[in-house]
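Have a look at the structure below, then the notes.
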Amino acid sequence: MAICPTLPAHNLNVLQAKNSGYRSRMSPLNPVTKPRNELLVNADDVARTKRISVATDSTKLHLANLDKLLQRPSSLDPQPPPRQWDLGEIAKPDELASLSEEEKRAGRGLLEGLNLARIWPGAKTAEEMSPRHLHRLQRLLSMTPEYSPRNSLAARWREYHGSNDWAGMLDPLDENLRREVVRYGEFVQAAYQAFHTDPATSAEVAPPPRHVALPDRSYKVTKSLYATSSIRLPKWVDDVAPDLDWMTQRSSWIGYVAVCEDRREIQRMGRRDIVIALRGTATCLEWAENMRAHLVDMPPVGGPVPGAQGQSKVECGFQSLYRTGGVHVPSLAESVADEVKRLLKLYEGEALSITVTGHSLGAALALLVADELSTCSAESPSSSPLPHVAVFSFGGPRVGNKAFANRINAKNVKVLRIVNNQDIITRVPGTFLSEDLEQKLRETKLEGVLDDNMPWNYSHVGTELKVDTRMSPFLRPDADVGCCHDLEAYLHLVDGFSSSDCPFRPNAKRSLVRLLNEQASNVKRLYTSKAKALSLNIESRRDNQGMPLSSCLPSPS
């Protein structure tokens with residue numbers, strides 16, 4: 001019989017509830033369940049039998065018989081008659097006291113050898129659906145926000161923005177850093193929501209100001225950002241699908257600039273924070289730009305960078321979306337640079353930070369934005385200290401070559417890449433290899449193997465925070481590509497990540513509502529069924545502005 005742990009004590013009440021209708025029957029293995037006319041003992045004997053132990057030699061024989069009974073007998077072997085037990089063979093309390101520890105352990109080992117999960121198949125499910133587990137699941141599926149206190153970051157805010165490349169803060173993950181990462185991810189979610197609310201952009205007039213429902217009300221949007229593709233699709237594409245003309249428009253709203261204006265929040269963070277949030281790919285032309293994966297030279301903006309070696313090159317499609325201007329909208333590069341220069345002049349003399357955050361395509365553009373802003377900050381005539389520039393990217397692809405990575409590092413731009421181990425987008429474009437393997441190939445110094453002249457010589461930038469879909473107790477281990485790249489799945493994994501030794505913390509507070517709404521097919525069936533049992537009508541729940549409720553709870557700090 002296979003060895004397995006016995007059923008935990010706190011699950012006995014579950015089994016008792018499930019077997020409440022069970023009636024005791026005579027068993028040849030239980031010495032105290034004989035027929036009533038044969039059980040002729042006084043009250044003292046009965047009281048002693050209730051305190052019997054399994055540590056005697058006779059009990060070992062009982063368990064051996066139970067083992068034989070549970071095994072499937074051969075049809076050719078005759079069934080042995082049931083053993084008749086006598087109360088005199090049962091150990092009494094005073095005899096148990098004289099047993100050695102070795103004999104007691106032998107008895108316990110036999111009990112632990114009983115495969116209770118095999119006898120009661122519902123035991124494992126009972127453990128997962130214990131009252132405490134159900135209460136926690138109901139809390140995670142609740143629409144009521146469960147906010148946690150925000151700790152003061154004033155003394156260490158530069159560390160949380162990568163001044164030391166987040167050394168000692170990622171494994172285990174620092175609680176305050178977790179909250180910051182999730183908070184910036186929710187800024188990107190606001191960009192997605194604002195775009196999909198009204199994706200169309202007129203090609204004849206300048207776009208009006210766009211409303212963005214920010215997750216943090218201490219920030220205010222100051223500028224809308226647009227990305228324009230240099231690719232033109234044939235006109236017949238719009239004729240075929242006139243209702244989806246936004247899918248083929250050249251210029252699309254891609255993000256925004258926001259600045260913190262709440263004095264109390266500025267004091268808590270230790271500086272005034274400027275956020276640039278960029279969404280991922282949404283239109284056909286943006287997907288087409290993603291496929292233009294050959295490297296092109298970066299324009300000589302700001303002159304040579306001290307410490308950077310080689311010619312910096314970036315992906316052609318990313319460069320196109322970043323530097324191409326539309327008929328009524330400037331390029332993304334011009335919009336970001338002009339707005340940040342204005343804000344630096346407006347808040348001259350204050351401690352400032354510039355945080356660029358994005359997902360997927362937005363993560364790639366965030367690196368180009370950060371490179372541009374570090375140059376703008378250095379050229380600013382202001383006497384204030386240069387603002388600290390940091391990038392928090394989610395599921396970002398490779399953007400440029402090794403020289404581009406050196407250029408970013410030489411400008412002291414700090415990049416934290418949040419990467420899902422199952423997300424294939426983080427391994428393209430370029431060779432479909434891991435960073436470690438690519439580094440080994442570069443170190444071989446063989447001619448033609450990942451040298452700077454090869455068209456697929458891409459390299460990641462910054463420090464990596466790696467999460468894993470398979471570590472979530474709620475997501476299926478075989479989740480599809482879309483789920484592994486989904487931003488809400490990323491935030492769910494970051495909120496639950498504790499360390500590489502203990503990947504998912506049991507006290508995670510982020511709601512599962514949005515994850516169920518967007519990735520229901522990739523959530524384990526056990527939890528989707530429990531969500532239905534809890535009568536959660538996710539689709540119908542909306543806020544006071546008519547927008548679907550995301551119920552994204554801040555990560556506890």
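Yes/no per residue for (1) modelled with pLDDT under 90; (2) in contact with a strand residue (DSSP E or B) (Cβ under 9 Å, 6 or more places away or on another chain); (3) aliphatic (A, V, I, L, M); (4) farther than 27 Å from residue 282 by Cα:
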position: 451; (1), (2), (3), (4): yes, no, no, yes
position: 528; (1), (2), (3), (4): yes, no, no, yes
position: 541; (1), (2), (3), (4): yes, yes, no, no
position: 545; (1), (2), (3), (4): yes, no, no, no
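Contact annotation: residue pairs with Cβ atoms under 8 Å, 6 or more positions apart or on different chains, pairing a residue in the range 504-528 that is over 13 Å from residue 489 (Cβ atoms) and without any contact (Cβ under 8 Å) to a residue 24 or more places away in the chain with a partner that is open to solvent by 10 Å² or more (accessible area, probe 1.4 Å) and of a type in the set (A, V, I, L, M, F, W, C), are 505/497; 528/516; 528/520.
Report yes if residue 331 is at pLDDT 95 or above and under 32 Å from the mean Cα position of the chain (by Cα), otherwise no.
no
The C-beta contact set for the range 156-171 (first residue farther than 18 Å from residue 503 by Cβ, second residue of a type in the set (A, V, I, L, M, F, W, C) and assigned to a loop (DSSP other than H, G, I, E, B), distance under 7 angstrom, 6+ apart or interchain) comprises 160/153. The residue pairs whose first member lies in the range 225-245 and is at pLDDT 75 or above, whose second member is of a type in the set (Lys, Arg), and whose beta carbons are closer than 8 Å, counting only pairs six or more residues apart or on different chains, are 228/250; 229/250; 231/250; 232/250. Here the condition is being outside any helix (DSSP H, G or I) and more than 30 Å from the chain's Cα centre (by Cα); of 349, 396, 358, it holds for 349 alone. None of 402, 414 is within 30 Å of residue 485 (Cα to Cα) and modelled with pLDDT of 95 or more except 414.
Pairs meeting the criteria (first residue in the range 265-289 and within 30 Å of residue 349 (Cβ to Cβ) and assigned to a strand (DSSP E or B), second residue of a type in the set (D, E, K, R) and open to solvent by less than 10 Å² (accessible area, probe 1.4 Å), beta carbons under 8 Å, at least 6 apart or on different chains) are lacking. Does residue 197 qualify as being of a type in the set (Ser, Thr, Tyr) and either free of Cβ contacts under 8 Å to residues at least 60 places away in the same chain or in contact with a Phe, Trp or Tyr (Cβ under 9 Å, 6 or more places away or on another chain) (or both)? No. When residue 251 is tested against the conditions (1) of a type in the set (S, T, N, Q); (2) open to solvent by 30 Å² or more (accessible area, probe 1.4 Å); (3) modelled with pLDDT under 95, the lone failure is (2). Pairs linking a residue in the range 352-367 that is touching a residue at least 40 places away in the same chain (Cβ under 8 Å) and open to solvent by less than 10 Å² (accessible area, probe 1.4 Å) to a residue that is of a type in the set (Asp, Glu) and assigned to a helix (DSSP H, G or I), with Cβ atoms under 8 Å and 6 or more positions apart or on different chains, are 361/286.
Check whether at least one residue in the range 235-258 is aromatic (Phe, Trp, Tyr) and within 23 Å of residue 181 (Cβ to Cβ), and report yes or no.
Yes, the conditions are met somewhere in the range 235-258.
Taking the stated definitions as given, is residue 441 outside any loop (DSSP other than H, G, I, E, B), at pLDDT below 90 and open to solvent by 50 Å² or more (accessible area, probe 1.4 Å)? Answer is yes for this residue.
Residues checked against (1) exposed (fewer than 12 other Cβ atoms within 10 Å of the Cβ); (2) over 25 Å from the mean Cα position of the chain (by Cα); (3) within 30 Å of residue 162 (Cβ to Cβ); (4) modelled with pLDDT under 90:
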residue	(1), (2), (3), (4)
431	no, yes, yes, yes
457	no, yes, yes, yes
461	no, no, yes, no
472	no, no, yes, no
476	no, no, no, no
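The values are calculated or read from the model by the stated rules, or taken from the named source; none is laboratory data. Note that this is a predicted model, so its numbers are computed, not measured. Glycine also receives a Cβ, built like all others from the backbone with ideal geometry; neighbour counts cover every protein chain displayed. Accessible surface is based on the protein model in full, side chains and every heavy atom, while ligands, DNA and RNA are left aside. Shrake-Rupley method; radii C 1.70, N 1.55, O 1.52, S 1.80 Å.
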